[in-house]
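Asker: One structure, as structure tokens, below. Some questions next.
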Amino acid sequence: MKRKLLLCTFFLSLISCSQDDANNNEAVTQETSMNILLNSDKTNITGKDVKRGTLPVTVSSVVIKVQPWYESGGIDPSRVASVFNFNIVADNTTNAADGFEIRNFSTGVSRLIVTANSSSTGQEYVYGNWTNESSTSSVNDLFIKWEAKPAEVNYISNLQTINAVAGVNSPVSFTLLAINGRAISVFQLSDELKNWNYSAKVQTKYEGGSGSGLATVDRAHNGITHLDGYYASQGAPLKHLITIFDDKGEKVAEYAVPVTITNGESTNTIYTILSDKIPEGNKLQTTILVPDFKSPAPDQKDI
């Protein structure tokens, strides 16, 4: 009888140890995970859902950063920061996820931020396209051609502070805000300048930096400059530089036109270059007074 009791006690002990080991293993293998919900308040939305949530058609990649944070504020260097990269793919892509889920990031207080852009290369920011064209196409056809090109747009989210626990955490929502826009500017000469056989060179430049390059505008060609990406942002010091040449190819005028960018939008403008800013030639009206030529009667002299 004693032997049976000892055997029962031994087996119960084994079962108990096994359960404790299982519980310990479960605690060790628990993951931190979270669903991220993204939306945009100022961009065109597709008519159907895009994998990993309904996102603007311009978004091709998303980066989610988790930065360990002290409750009192500031980066906590004692814990590891995490970065998660996602590519946005078509709805029918096999094995693609239906939402943004991040796993195995540091528990405790962290700050989360999301960046996104329209590039498929995985880079955090797209620097965009700065280019130009001279064309015999009409101004409308030239605009339609360039307006159809995909825009290079960067987005950034609001910051969120969370206190992550092991296991599944509550979903967090972020609003994406565009941090740049696009400018498509088409240039043509007025009929007056065409009749004079004048021409112009146009380009769009960031003050002290990048430019679109020169486009020729004359009686047969219209010009276009196209800017988007990182430096084409609201408030940026952008300007169109216009140089006008006469029928002999000599420069007769040069001036700048400021460019206004609205983040999340395309600023589309057709410019007609007039003669108004061509200085008139110098003129001076001079009066010359010439005294009358006199021929008096001859003197009488004896010699």
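The values are calculated or read from the model by the stated rules, or taken from the named source; none is laboratory data. Since this is a predicted model, take the numbers as computed values, not measurements. Note that each Cβ is placed from the backbone with ideal geometry, even for glycine, and that neighbours are counted across all protein chains shown. Only protein heavy atoms, including side chains, enter the accessible area calculation; ligands, DNA and RNA are left aside. Shrake-Rupley method; radii C 1.70, N 1.55, O 1.52, S 1.80 Å.
Asker: Kindly report the accessible area of the stretch 152-290 per residue (heavy atoms of protein chains, probe 1.4 Å, no ligands, DNA or RNA), in Å². If you can, show how the numbers build up before the last one.
Answerer: Details: 7420 Å² over 139 residues.
That works out to 53 Å² per residue.
Asker: So, one more: Could you give the length gained by full extension between residue 175 and residue 196, i.e. 0.36 nm per residue of separation minus their alpha carbon distance, to one decimal place? Write down the numbers at each step before the final one.
Answerer: Numbers: separation 21, 0.36 × 21 = 7.56 nm, distance 5.38 nm.
Additional length available on full extension: 2.2 nm.
Asker: OK, next. Extension gain residue 270-residue 78, at 0.36 nm per residue separation less the Cα-Cα distance, in nm? Please list the in-between numbers first.
Answerer: Numbers: separation 192, 0.36 × 192 = 69.12 nm, distance 5.59 nm.
Fully extending the segment from residue 270 to residue 78 adds 63.5 nm.
Asker: While we're looking at this one, here's another question. Rg/Rh for the stretch 104-234: what does it come to with C-alpha atoms and Rh from Kirkwood?
Answerer: Working: Rg = 21.9 Å, Rh = 17.8 Å.
That ratio is 1.23, to two decimals.
Asker: In the neighborhood of residue 68, defined by Cβ-to-Cβ distances under 9 Å, what is the net charge if each Lys or Arg adds +1 and each Asp or Glu adds -1? Mind showing how you got there, number by number?
Answerer: On the way: positive: 79, 111; negative: 76.
Summing Lys/Arg as +1 and Asp/Glu as -1 gives +1.
Asker: For the pair residue 250 and residue 300, how long in nm is the line joining their label points, each one 7 Å along Cα→Cβ?
Answerer: The two pseudo-label positions are separated by 6.5 nm.
Asker: Only Cα pairs under 8 Å and at least 6 apart count here; give the relative contact order of the stretch 161-303 as a rounded whole percent. Walk me through the intermediate numbers first.
Answerer: Working: 255 pairs, mean separation 40.5, N = 143.
In percent, rounded to a whole number, it is 28.
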